[in-house]
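S.K.: Next up is a structure, given as structure tokens.
The values are calculated or read from the model by the stated rules, or taken from the named source; none is laboratory data. Note that the coordinates shown come from a computational prediction; the quantities given were computed from them, not determined experimentally. Backbone-built Cβ (ideal geometry, glycine too); neighbour counts: all protein chains shown. Quick note on the areas: whole protein, heavy atoms, side chains included, nothing else; ligands and nucleic acids left out. Shrake-Rupley method; radii C 1.70, N 1.55, O 1.52, S 1.80 Å.
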Amino acid sequence: MGPLRDASDAALAVAIGRWREDALAEAFRRHAGSVYALAQRVLRDRATAEEIVQEVFLRLWHAPDRFDPERGTMRAFLLAQAHGRAVDRLRSDASRRRREERDAVRSVQETPDVEVEVMDLTIAGQLKDAVLALPADERRAIELAYFGGHTYREVAVLLAAPEGTVKSRIRSGLKRLRAGLADAGLEMVGGSDT
Amino acid sequence: MSDVDPHDEVQELLGAYALDAVDGDERERVEDHLRECARCRAEVAQHREVAAQLASTGADAPEGLWRRIAAELELEPGAASGDLAAILPLAPRPASRGPLVGIAAAAAAVVVAVGVLGWQGHHDADQIRRLRGSVAASGVGPAASAALADPAARVTVLSSTDGRVRLTAVVEPDGSGYLLHAGALPALPAGETYQLWAVSGAARISLGVLGGRPETVAFHAGGSGVGALAITAEHGGGAVQPTGTPLVTGTLPAV
């Protein structure tokens, strides 16, 4: 077997395309922790989060060509898949109802932002700096959308801000984070800046 | 709305879209646009990389999750059915699993077979179990029968890369081995013979010439260094080194 531990995303995808189970295992070793953590954070449900990890990696096994190394990292690809699935589940009727009840309770109590939706500031230093450098309203909009699994319209309601404003904050916040990470020397892939 | 450039309007949504924070119809609108606009596709990709940074954690996945996924790989529909024909439509990706050419490819073929076996492992386990249970009836000699019954023996299924041809090999701890159901190999034209090889690291060691229509075969596989078995078709009296791609390969479980 080749040195899979040092294999690039692209090499790993090729090996998975050749039915090498050890290559899938290596992709799992590298990314499954983050994939699980994201799904768990969005859904707040361990069993469903585990289900999503399974789905995402089985899909990688069966359709590795869906991952295009030219367009981004395998981690971003897997996380986007997991996030999409988590959000789909969240927006299915039953869970949506439960969710809305929870949110109603929360807004009545005006609970401070100490919940799961808040970004994890135990993250690595450069990322932490970039996150902390974000204007608070941009950061909050991203948190609620990404970790809370809300649509920007829902975020607008939660933050009592106009929809258009929230939409812009999410986009400008993501751009600001990217610039901050680049300034800090963290190489960002995924297409060149325009 | 008629005054708004549709490109600008969609652009404003790209951040929310990348975080799955748009409604269904907005999503469709964005995706329609992305199909035509490389610049916006690049922006979405960038947003997703940033999001991935936010979501990255050093934590491991829950205990046991990989084992469950690996088990799913083995439980593909068809693979567990016991019907070899049912496996064939499940052999996608012909480009990456097509015929391998040349001696240098032999090692790669073994690697491919490992993947295939992982995928069909459940089926193999069934086949081995069935064989172990019906050895007397299947006309295998008493020595092979005893080897199959020995829990210390290593058993593997040699399979072609397309899963079409499968036979079982059993190797006793002392190296005596038996190839069962070798009749699964298609009969060769006159002047050609099957040859069995032990794969030990980079080395290919001949274990014997099997003839053009082998049945049950006894061989001696040497020590525990043999990691895999392979069968090639060779001309005449066989070859010193395999001259063709292995037709079937099987990895022996580690001792």
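Every residue, every condition in (1) farther than 23 Å from B:E43 by Cβ; (2) within 16 Å of the chain's Cα centre (by Cα), yes or no:
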{"site": "A:A25", "(1), (2)": "yes, no"}
{"site": "A:R30", "(1), (2)": "yes, yes"}
{"site": "A:A37", "(1), (2)": "yes, yes"}
{"site": "A:L78", "(1), (2)": "no, yes"}
{"site": "A:V87", "(1), (2)": "no, yes"}
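S.K.: Taking the range A:148-177 as the region of interest, how many residues are more than 8 Å from chain B (Cβ to nearest Cβ) and under 14 Å from the mean Cα position of the chain (by Cα)?
M.R.: Residues flagged as more than 8 Å from chain B (Cβ to nearest Cβ) and under 14 Å from the mean Cα position of the chain (by Cα) within the range A:148-177 amount to 1.
S.K.: Another question, if that's okay. Looking at (1) over 35 Å from the mean Cα position of the chain (by Cα); (2) more than 15 Å from A:H31 (Cα to Cα), which one does B:L54 not meet, given that it meets all the others?
M.R.: Every listed condition holds for B:L54 apart from (2).
S.K.: Which one is farthest from A:P69 (Cα to Cα) among residues in the range A:7-26 that are more than 9 Å from every other protein chain (Cβ to nearest Cβ) and of a type in the set (D, E)?
M.R.: Among them, the one singled out is A:E26.
S.K.: Moving on to the next point. Out of the helices (runs of 4 or more DSSP H) lying entirely within the range A:5-66, which hold 1 or more residues that are open to solvent by 40 Å² or more (accessible area, probe 1.4 Å) and β-branched (V, I, T)?
M.R.: Details: elements: A:9-17, A:21-43, A:46-62.
The qualifying helices (runs of 4 or more DSSP H) are A:9-17.
S.K.: Any idea which residue in the range A:133-143 is farthest from A:Q40 (Cα to Cα), counting only those that are touching a Leu at 6+ places or on another chain (Cβ under 8 Å) and either modelled with pLDDT of 95 or more or of a type in the set (D, E, K, R) (or both)?
M.R.: Initially, the range A:133-143 is screened for residues touching a Leu at 6+ places or on another chain (Cβ under 8 Å), giving A:134, A:137, A:140-142.
Still in the running and either modelled with pLDDT of 95 or more or of a type in the set (D, E, K, R) (or both): A:137, A:140-142.
On the way: A:D137: 24, A:R140: 19, A:A141: 19, A:I142: 17 Å.
Out of the qualifying residues, it is A:D137.
S.K.: Further, regarding this structure: Looking at the structure I just gave you, is B:V199 open to solvent by less than 60 Å² (accessible area, probe 1.4 Å), in a loop (DSSP other than H, G, I, E, B) and closer than 20 Å to B:A153 by Cβ? Walk me through it before giving the result.
M.R.: Numbers: open to solvent by less than 60 Å² (accessible area, probe 1.4 Å): yes; in a loop (DSSP other than H, G, I, E, B): no; closer than 20 Å to B:A153 by Cβ: yes.
For B:V199, the condition - open to solvent by less than 60 Å² (accessible area, probe 1.4 Å), in a loop (DSSP other than H, G, I, E, B) and closer than 20 Å to B:A153 by Cβ - is not met.
S.K.: Here is a follow-up. Wholly within the range B:204-255, which strands (runs of 3 or more DSSP E) include no fewer than the required count, namely at least 2 residues that are over 20 Å from B:L148 (Cα atoms) and at pLDDT 85 or above? Lay out the reasoning, then the answer.
M.R.: Details: elements: B:217-220, B:228-235, B:248-251.
Here the list reads B:228-235.
S.K.: How many residues does the range A:137-163 contain that are open to solvent by 40 Å² or more (accessible area, probe 1.4 Å) and closer than 18 Å to B:D25 by Cα?
M.R.: Kept after step one, since they are open to solvent by 40 Å² or more (accessible area, probe 1.4 Å), are these residues of the range A:137-163: A:137, A:139-140, A:153-154, A:157-160, A:162-163.
Applying the additional criterion that residues be closer than 18 Å to B:D25 by Cα yields A:153-154, A:163.
Counting residues in the range A:137-163 that are open to solvent by 40 Å² or more (accessible area, probe 1.4 Å) and closer than 18 Å to B:D25 by Cα gives 3.
S.K.: Any idea how many residues of the range A:43-80 are more than 9 Å from chain B (Cβ to nearest Cβ) and in contact (Cβ under 8 Å) with a residue 40 or more places away in the chain?
M.R.: Of the residues in that region, 7 qualify.
S.K.: From the residues in the range B:1-18 that are crowded, with 19+ Cβ neighbours inside 10 Å and in contact (Cβ under 8 Å) with a residue 12 or more places away in the chain, which one is nearest to the other protein chains (Cβ to nearest Cβ)?
M.R.: Initially, the range B:1-18 is screened for residues crowded, with 19+ Cβ neighbours inside 10 Å, giving B:10, B:13-18.
Subset that is in contact (Cβ under 8 Å) with a residue 12 or more places away in the chain: B:10, B:13-15, B:17-18.
Numbers: B:V10: 11, B:L13: 6, B:L14: 6, B:G15: 3, B:Y17: 9, B:A18: 7 Å.
Result: B:G15.
S.K.: Restricting attention to the range B:19-42, report how many residues are facing chain A (nearest Cβ under 7 Å) and either surrounded by fewer than 22 Cβ atoms within 10 Å (Cβ to Cβ) or part of a helix (DSSP H, G or I) (or both). Please lay out each step first, then the result.
M.R.: Within the range B:19-42, the first condition is being facing chain A (nearest Cβ under 7 Å), and the residues that meet it are B:19-23, B:39, B:42.
Right, trim to either surrounded by fewer than 22 Cβ atoms within 10 Å (Cβ to Cβ) or part of a helix (DSSP H, G or I) (or both) and you get B:23, B:39, B:42.
Residues flagged as facing chain A (nearest Cβ under 7 Å) and either surrounded by fewer than 22 Cβ atoms within 10 Å (Cβ to Cβ) or part of a helix (DSSP H, G or I) (or both) within the range B:19-42 amount to 3.
S.K.: What are the pairs with Cβ atoms under 6 angstrom where one residue, in the range B:172-183, is part of a loop (DSSP other than H, G, I, E, B) and the other, located anywhere, is not polar (S, T, N, Q)? Sequence gap at least six, or different chains.
M.R.: These pairs meet every condition: B:E172/B:A147; B:E172/B:A153; B:P173/B:A152; B:G175/B:H220; B:G175/B:A221; B:G175/B:G222; B:H181/B:L167.
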